[in-house]
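Colleague: Have a look at the structure that comes next, please.
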Amino acid sequence: HMKGAIFDLDGVIVDTAKYHYLAWRSLAGELGFPFTEQDNERLKGVSRMRSLDILLEIGGLEYSEAEKLAMAEKKNHLYVEYISGLDESELLPGVRAYLNALRARGVAIALGSASKNAEFILEKLNIAGLFDVVIDGNKVARAKPDPEVFQSACRELGLEPQDCVVFEDAEAGVAAGKAAGMQVVGIGKPEVLKAADLVISGLHEL
Ligand code: G6P
Ligand code: MG
């Protein structure tokens, strides 16, 4: 019986992956190597600094911590420019209807995202008010697949892990939800999200 629903943001609520991709690709371009959409799959659900490490590994380049911090900041600056144009029309199909249906049933709703831009995005999409709890990249130390983000959301909702269901599009996120002892609904392809309890193509299916 689901008492709490915990949603990932990027890829579940909104397709920001394309903006992350454009921003990372621009950085790769400046550094002088190509970065494909297939490469970008590896960055989904992964924290900003870890994403940069993967990107540099793809380019076969190494930099100091200080240089990497500057690059991550540059990428984020560009990303924030892209997402500042976001509006409700970019909510993925079925999102608002499903969140409203859960609220009507008395299910508590949390966000569990690795993004440090989560609050900004929720405001842009005009859905911040639908979440009882928001746990994002500013509030957790350990990135998915560590279960911290979901454990923390569950605790703030005042619930037990077995009462919570996680909605995730990334392999690392599904793993994090399972490690937290929760039921996990995967959003995407069953071959990728093998560890999920159920896989659907989007919230419009529910
Ligand atoms: C989500 C996305 C990742 C992104 C991460 C950090 O998990 O799926 O692609 O790198 O958030 O986002 P941020 O907005 O803090 O750079
Ligand atoms: Mg995601």
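Colleague: Against the conditions (1) away from ligand 2 (no atom under 16 Å from the Cβ); (2) touching a residue at least 12 places away in the same chain (Cβ under 8 Å), where does residue 24 fall short? Just the number, please.
Modeller: (1)
Colleague: Considering only residues that are within 16 Å of ligand 2 (Cβ to nearest atom) and of a type in the set (A, V, I, L, M), which ones fall in region 31-74?
Modeller: Within region 31-74, 43, 46, 54 meet the criteria.
Colleague: Identify, please: which residue in region 89-102 is surrounded by 18 or more Cβ atoms within 10 Å (Cβ to Cβ) and closer than 21 Å to residue 156 by Cα and is, among those, nearest to the chain's Cα centre (by Cα)?
Modeller: Among them, the one singled out is 99.
Colleague: So, one more: Identify, please: which residue in region 1-21 is within 10 Å of ligand 2 (Cβ to nearest atom) and β-branched (Val, Ile, Thr) and is, among those, surrounded by the fewest Cβ atoms within 10 Å (Cβ to Cβ)?
Modeller: 16
Colleague: Let me ask something additional. Could you check region 1-20 and list, in sequence order, the residues that are under 16 Å from residue 124 (Cα atoms) and charged (D, E, K, R)?
Modeller: Scanning region 1-20 gives 10, 15.
Colleague: Are any residues in region 111-134 hydrophobic (A, V, I, L, M, F, W, C), closer than 19 Å to residue 15 by Cα and in contact with a helix residue (DSSP H, G or I) (Cβ under 9 Å, 6 or more places away or on another chain), and if so, which ones?
Modeller: 111, 114, 120, 121, 122, 125, 127, 128, 130, 131, 134
Colleague: From the residues in region 103-114 that are crowded, with 22+ Cβ neighbours inside 10 Å and not aliphatic (A, V, I, L, M), which one is nearest to ligand 2 (Cβ to nearest atom)?
Modeller: 113
Okay, residues lined up against (1) in a helix (DSSP H, G or I); (2) crowded, with 18+ Cβ neighbours inside 10 Å:
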| position | (1), (2) |
| --- | --- |
| 155 | yes, no |
| 165 | no, yes |
| 190 | no, no |
| 193 | no, yes |
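Colleague: Still on this structure, please answer the following. For region 149-197, give me each residue that is within 16 Å of ligand 2 (Cβ to nearest atom), among the charged types (D, E, K, R) and either under 22 Å from residue 92 (Cα atoms) or in contact with a Lys or Arg (Cβ under 7 Å, 6 or more places away or on another chain) (or both).
Modeller: Listed by number, the residues that qualify are 168, 169, 171, 189.
Colleague: Can you run down the residue pairs with Cβ atoms below 6 Å, 6 or more apart or on separate chains, where the first is in region 113-142 and within 15 Å of residue 79 (Cα to Cα) and outside any loop (DSSP other than H, G, I, E, B) and the partner is of a type outside the set (Gly, Ala, Ser) and modelled with pLDDT of 95 or more?
Modeller: Short answer, once both residue conditions are applied: 118/9; 118/136; 124/86.
Colleague: Name the single residue that is farthest from ligand 1 (Cβ to nearest atom) among those in region 1-23 being outside any loop (DSSP other than H, G, I, E, B) and over 18 Å from residue 75 (Cβ atoms).
Modeller: Per the stated criteria, the residue is 4.
Here is a yes/no grid of residues against (1) touching a helix residue (DSSP H, G or I) at 6+ places or on another chain (Cβ under 6 Å); (2) in a loop (DSSP other than H, G, I, E, B); (3) of a type in the set (D, E, K, R); (4) within 11 Å of ligand 1 (Cβ to nearest atom):
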residue: 25; (1), (2), (3), (4): no, no, yes, no
residue: 38; (1), (2), (3), (4): no, no, no, no
residue: 43; (1), (2), (3), (4): yes, yes, no, yes
residue: 57; (1), (2), (3), (4): no, no, yes, no
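The values are calculated or read from the model by the stated rules, or taken from the named source; none is laboratory data. As the structure is a prediction and not an experimental result, all values here were calculated from the model. Glycine gets a Cβ as well: all are built from the backbone with ideal geometry, and neighbour counts include every protein chain shown.
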